[in-house]
Every structure is written in structure tokens, then in C-alpha cells.
Amino acid sequence: MTTSKIDDPFVPPYFQNLTVSELLEEAESSARVYPRWWSLVYFTLKKMTHGWPMNAFRLEEKRDHQNYWSSEALHDFTSEIVCNELLKNGQQEYILGLIQDAARNSVELGESDDLNLHMGLVVHFLQQQINKVLDHRRAPTLTGNLMSRLDPIFEKLGLSITSDTATLTLTDIQIEDQVQMVSDLLSLLPRFPNTGEERLSRLYETTDLENFAISLAPQAPNLSLPILRTGIERSLEGMCGSITALQRVYRTVPLEPHRENEEEIELDGTPDSLSRSYNDVGTQDDQDGRGEFSGVGTGEDKTYIYSATIYSKADMAKISGIILELSLREQKYLVMKADQETKWTQTQIAEAIGLASRKKVNDFQENLFSKLNVLLQSHQVAAESHDYIIAGVLISLGANTAIEMVRTNE
Amino acid sequence: MNNELVAPLVKEAIAMSPRAILSNEKNIRIGQIRRIANPIKPESSRYVLVLNINPIRKIATVVLLNNLINLATDRDYILQRENSLAAFDLTILADFIELTDYKLIEKNPVIGSLCPICARILYEAKRLPSDGIPLFPDNHSCVAKGSFKIQIADSTWYLRNFEFELFQAICEVPDQIESLIREGNFIQKYKDQEEFISASMSEFNTVNILALDDSTFDLLR
């Protein structure tokens, strides 16, 4: 059996020379999982969690010089995955059984007698186990806490909310309206200060939540639990998330009217890596009424004030008008495309915006760009100002993009 | 990695680790858990539970299993290893039922079993056009209902869709395989059998109902 280098996208680069034969040999030995299986889990975990916030998994944010999770944290998880899942729960046997079949089938087809071609499957099944453990250790979220507090209130009020949106026969637009309605109602409630770090502390008084539930009652027939959850999440976080999307949290920052007496915000917080600038603000419509907004950066502990007082009120109206026309999915796509720190693969983008496959991303992009062109025209944006307005859209969406805004209204 | 720290943990886990109990029984029986492996899809094999057999036609009705018991929805059933004698817990994806040929499962060893009564009840319930809910006898606690709340378009949703498509593909009779061609084209062999056709077309509600919703992205998770 060969032990040649495995060229498989599933296989972490660290393990290009580890073979399924070696894994099988080790599984049949008395050591069972050490050192090869252990190392494979360790490095697969390391690769998977790169860039994920550690505090979302009840860990202290501690990373190595390459921004991977600390080896202590990785060891802790590896130990649980290997000892509990692979050994005690028999998952190693499960994986081996399927791999052996795959190899035997290859032989029957005469394609290959090399078991090592199936290394990708081993990693794939290991990733499922890793996901399971990570999911189990995931810290509670503000939305989850709130949902669990709302459950008994709904029960007390006799409100029955379906778990399946499909049974409501709502159009996409109606669903979006319902989500926004939930978000708006929740945003009206007085809220305790909480940045999201204290995940178990309460955000709202119970009496306020009861009022919230009562105000939802007339809409109950048009609500589902996913709609409710998305609406709450939108109010609390601005964007829904998954275990993959934990890499980054995007926050939609609303445009606010300019306050004349307010001191101008300095640009000290502007990112260093500036590559573009927009000086041609003289083309904008309303030079007298200046607007202001700030974009919150997507980094864990940094806030960028991208810009102040460079967009006129008329421009801001156009920007917010365009954003209103964009669906959440389209907004998220723009933010990801604008991200200059992370190179997102088509597959990641497809997953993040809910497309069935990466092949649909290009079509989605084409449609979105056409839509943006139409929107720019409908808002009567001059051709030479398209980039300028789109930059405003990206910044107001909180995109982590290096766009320099030069103030010209001194 | 620190050997001294890791070794005792692993040693203890190994002591508690089950090995798959294999039986190489050739006869296919109701309730057996076997792997299904299709030579035309060499990268894919899955575990299935035999719900019904037709020894004359050599056709078996199988339901898909997987190991992700934490993702078992309320339409699925969890089969604990204590009840199946397998080395691992399994989820019975009760909506994913297919007919397949003996050829695809008989060569693979039996790695566990569900009591034939429960397997039969599950089979009968799923035969009903109204997608009946199986009523297991009170003295049988072989399986337990899952409780995972699946949400539209979350990762579990996509995983189920993927598994469903894969399962259908695996169960297809591989008529182009040389050994089978010698015995005659399998699909042609069964095409004239009304029993087979009616079974495959209407007897089972083999629909991944969770895949039929096309709600918007905004309902993700």
C-alpha cells in the first residue's frame, strides 16, 4: 500500500503525509488513538477554529502568535473529542467501518487499491464530531436566553406560535416585514446595559417582556419561532449567526441625522491601511446640510470611526434608501465582499448567505450588482458618484473595508 | 503534546471503549443494522436498518441511520447502543426509507440490531399514506424520539438534504456493474414486477419534508 502524499482538499496541510493505513494500523493496535488520531483531531480542530471567537465557547481569549487558539484550549477540546467521542462513544469504530467500505468499493471498481485516497472522509467525519463538541460547549447567547424567557410567557398568555414558517404561506416580503416588526417592538423596550459579554444577565424586565408578548398577540397567526428568533436577533445583534458565521459579527449601524452643535469627531480611529480616498465630494447635491455617521469595525475589541461629516444629508438619504432596498442576505454579501482582512471562499460565502451551492454565488452577485445599478439610477446618483455612494453603503453596513473618507467641509 | 498528561486520559477512555461486535451472517433479517455500500459510489457508504425484506425478489426496505444523535429531530428516533449492541449510538432518520437490493447490503457485516417488533412497527407506520406515527408497545423502549429543533436553512438542514440525496443514490440498483449484468439488468428485471413498482412509487412517504421549504435567508438559524 502506498503512503504517497495525499492531495485532498479535506486534509489539513499538516497531515499531507499521514495515511489512512497508518490510522487503521493505530486503531487496531492497543494504543487506538495515540499519537496519530490525537494529532489529526488536534490539528483539524486548530484549523477549524482559527478566527472563531473563543469567548463564544466559554474560553478566555488567548491565542498564539499566528492567531490560532491557545494550545491549552485546543488540548482541552481534543481530549474531550478523542476520549469521549472517538473512544467511549465508539465513533472511531463508526468512522473506520465507513472508510473500509469506501476502500473496498474502490477495489471492486478497479479504480484504486489505495485506502489513503479516503483520508478526506476520515477528516470529514472527524469534523462532524468536532462540531458536535463545539456546539455543546457553545456559550448561551442573548437571543437564546431571551427565547427561553419568552416561552413561559407565551404559554401563560395562551399564545401558540408555530415552529415552521412554511405553514404560514407568507411571501418573502411578508416574512421580512414580520421579522422587522418583531425587531422594532423589541427595540422599543427599555433595556439593561449589556454588551453581549455577560451572556447570562438579563436584558429586559419580565413585565416588559410580557407587554412585548401582548403586543405580538394580534400578529401571532403570522409568526413562527424562526421569525421571532430572527427578529430578536436583529434587534440585539443586527445580524443572525451560525457556528460558521461566528467568525465575524456584522452590525448594521443606522444613519443618524447630523447634530449641528456636536463636536467633530477626529479621525484618529481610522484604520492605518488606507488605500483609497474620495476627494470629489463637490459633486454631491447638498453641500450645506452635512450628515454624520460612524461605522463600527468588526474586530473583536476595536471600534473604528470611519468618517464624520463628509456626506451631505441628501447623500445620506440616498444611502439609507439603497440599504432599505437591500435584503439582509444582500447586505451580508456586500459586507463579506468588502472585507479586506479575510478572503472568503465561494463556499463560505454561499453558506453564510444561505445559497444552496457555491455555484450560485456568481448569479447572486450578478443580480445584486444589477440591482445596485438600478437603485443608484432610481436615486438619481450621478455616474461619477456611484463609488462614493456605494462606499457610504458599505461603511454604514459596518463593512471592514479600508476606505478613507476625507473631510472636505472644513 | 504532553505524553504524560495525555496517556492516562486515553488509557482510561480505551478501557471504556466498545469495539464493534460484528456478525458475518449472510441472511438478511428484519431489524439488522448493516452498512450499505454501492460500488458505483465508492466514496459513500452509510449504515441502514432493515425494516422489511422480500426474500423472493431479494429486495429490502431500509431506513437510513447516522451517528449524529444530537441532531435527531422529533421525526427521528435515537437507538442507544445498549439496545442495539452496536458500538455507537445511532439516529434512525425515519423519513429516509428506500428500497434496495440485497446485493448492496448482504456482503457487509451486521453491526447491531433493533428488535424486530419495533422495526416492524416503524415500517408499518411509514407505509401509511398519512405518514403515521409509530406506536411502540409500552414494554418496548428500544428507541427514543429525538428532540433537536431544526431550523430552516441551518447547517443541519443542509446536512439532511445532502444525506437524503446521497441515500437515494446509494440505494439505486447498480445495473451497470459487470457482475450484475451477468444476471441480467436489475432495473429491467424488476420493471415488470408490479409489486416492486407500486412499492417504490407509493408505498412509502420517502420525502424529506424538511427540504421542501424554500423560505428566505432571513430565517436562517
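Determine which member of the set A:Ser39, A:Ser79, A:Ser21 is in the same structural domain as A:Leu126 (by TED's automatic domain parsing), part of a helix (DSSP H, G or I) and modelled with pLDDT under 85.
Among A:Ser39, A:Ser79, A:Ser21, only A:Ser21 is in the same structural domain as A:Leu126 (by TED's automatic domain parsing), part of a helix (DSSP H, G or I) and modelled with pLDDT under 85.
Restricting attention to segment A:314-335, and to residues there that are farther than 19 Å from A:Gln180 by Cβ and surrounded by fewer than 19 Cβ atoms within 10 Å (Cβ to Cβ), which single residue is nearest to the other protein chains (Cβ to nearest Cβ)?
A:Ala317
Here is a list: B:Ile14, B:Ile36. Which entry is assigned to a helix (DSSP H, G or I), within 19 Å of A:Ile95 (Cβ to Cβ) and either within 12 Å of another protein chain (Cβ to nearest Cβ) or touching a residue at least 40 places away in the same chain (Cβ under 8 Å) (or both)? Please lay out each step first, then the result.
Working: B:Ile36 fails: assigned to a helix (DSSP H, G or I).
Residue meeting the stated conditions: B:Ile14.
Just one of (1) within 11 Å of another protein chain (Cβ to nearest Cβ); (2) within 19 Å of B:Phe148 (Cβ to Cβ); (3) modelled with pLDDT under 80 trips up A:Pro140, so point out which.
Evaluating A:Pro140 over (1) within 11 Å of another protein chain (Cβ to nearest Cβ); (2) within 19 Å of B:Phe148 (Cβ to Cβ); (3) modelled with pLDDT under 80 leaves (1) as the failure.
Residues are listed down the side, and each one gets a yes or a no for (1) out of contact with any strand residue (DSSP E or B) (no Cβ under 9 Å at 6 or more places or on another chain); (2) on the phi < 0 side of the Ramachandran plot; (3) facing chain B (nearest Cβ under 7 Å); (4) polar (S, T, N, Q):
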position	(1), (2), (3), (4)
A:Ala56	yes, yes, no, no
A:Glu60	yes, yes, no, no
A:Ser71	yes, yes, no, yes
A:Phe77	no, yes, no, no
A:Cys83	yes, yes, yes, no
A:Asn89	yes, yes, yes, yes
A:Gly97	no, yes, yes, no
A:Gln100	no, yes, no, yes
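Which count do you get for residues in segment B:67-96 that are at the interface with another protein chain (Cβ under 10 Å from one of its Cβ atoms), closer than 18 Å to B:Pro109 by Cβ and buried (at least 20 other Cβ atoms within 10 Å of the Cβ)?
The number of residues fulfilling the criteria is 5.
Can we say B:Lys107 is within 12 Å of chain A (Cβ to nearest Cβ) and farther than 18 Å from B:Leu159 by Cβ? Outline the logic, then answer.
Working: within 12 Å of chain A (Cβ to nearest Cβ): yes; farther than 18 Å from B:Leu159 by Cβ: yes.
Against the criterion (within 12 Å of chain A (Cβ to nearest Cβ) and farther than 18 Å from B:Leu159 by Cβ), B:Lys107 qualifies.
The values are calculated or read from the model by the stated rules, or taken from the named source; none is laboratory data. Small disclaimer: the values here were computed from a predicted structure and weren't measured. Because the Cβ atoms are built from the backbone with ideal geometry, glycine has one as well, and the counts that use them run over all protein chains shown.
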